1. Between SER5, SER9, SER55, SER18, which is over 18 Å from ALA103 (Cα atoms), loosely packed, with under 15 Cβ neighbours inside 10 Å, hydroxyl-bearing (Ser, Thr, Tyr) and modelled with pLDDT of 95 or more?
2. Testing VAL83 on (1) in contact with a helix residue (DSSP H, G or I) (Cβ under 9 Å, 6 or more places away or on another chain); (2) exposed (fewer than 14 other Cβ atoms within 10 Å of the Cβ), one condition comes back false. Which one is that?
3. Being basic (Lys, Arg), at pLDDT 95 or above and assigned to a loop (DSSP other than H, G, I, E, B) is the requirement here; does ARG96 meet it?
4. Yes or no: VAL69 modelled with pLDDT of 95 or more, crowded, with 18+ Cβ neighbours inside 10 Å and either under 10 Å from the mean Cα position of the chain (by Cα) or aliphatic (A, V, I, L, M) (or both)?
5. Out of curiosity, is GLY63 of a type outside the set (Val, Ile, Thr), under 20 Å from LYS108 (Cα atoms) and within 8 Å of the ligand (Cβ to nearest atom)?
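The values are calculated or read from the model by the stated rules, or taken from the named source; none is laboratory data. Keep in mind it's a predicted model, so treat the numbers as computed, not measured. Here the Cβ positions follow ideal geometry from the backbone for every residue, glycine too, while neighbour counts run over all protein chains shown.
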Amino acid sequence: MSAVSSSNSLPVPESEYSRCVRVCQNRTCRKAGAKSVLEAFQAHPVSGVNVTASSCLGQCGNGPMVLVVPDMVWYSGVQAHEVPLVVEQHLRKNQRVAKMLYARFHPKEENN
Ligand code: FES
């Protein structure tokens, strides 16, 4: 028996929620429109992707911040109207949206 299956909690099948989109809802991101960004992701559900409101992601002033895990892809200054592009290109086709990447964690050479 593996360590996971011996725990008391029910395991989540890997096919379910293998990815998570975390949308910061803390102060500065919220002032920049993070609530509507979260709502936009929730309005475009993708199988295997869980969308969650996040506490501060530690990048205040660059938001709204969006972090896709386990990919560890960061998007900054995300606006609600840009969410369908992230959903289609990143979440459905596994291609980062280069023009929206957070430059601090994704240096220019990645932004092609
Ligand atoms: S308030 Fe969003 S990263 Fe800190």
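1. On the way: SER5 fails: modelled with pLDDT of 95 or more; SER9 fails: modelled with pLDDT of 95 or more; SER18 fails: modelled with pLDDT of 95 or more.
Testing whether each residue is over 18 Å from ALA103 (Cα atoms), loosely packed, with under 15 Cβ neighbours inside 10 Å, hydroxyl-bearing (Ser, Thr, Tyr) and modelled with pLDDT of 95 or more leaves just SER55.
2. Of (1) in contact with a helix residue (DSSP H, G or I) (Cβ under 9 Å, 6 or more places away or on another chain); (2) exposed (fewer than 14 other Cβ atoms within 10 Å of the Cβ), only one is false for VAL83: (2).
3. On the way: basic (Lys, Arg): yes; at pLDDT 95 or above: yes; assigned to a loop (DSSP other than H, G, I, E, B): yes.
When the stated conditions are applied, ARG96 passes them.
4. Details: modelled with pLDDT of 95 or more: yes; crowded, with 18+ Cβ neighbours inside 10 Å: no; either under 10 Å from the mean Cα position of the chain (by Cα) or aliphatic (A, V, I, L, M) (or both): yes.
No, not satisfied.
5. Working: of a type outside the set (Val, Ile, Thr): yes; under 20 Å from LYS108 (Cα atoms): yes; within 8 Å of the ligand (Cβ to nearest atom): yes.
For GLY63, the condition - of a type outside the set (Val, Ile, Thr), under 20 Å from LYS108 (Cα atoms) and within 8 Å of the ligand (Cβ to nearest atom) - is met.
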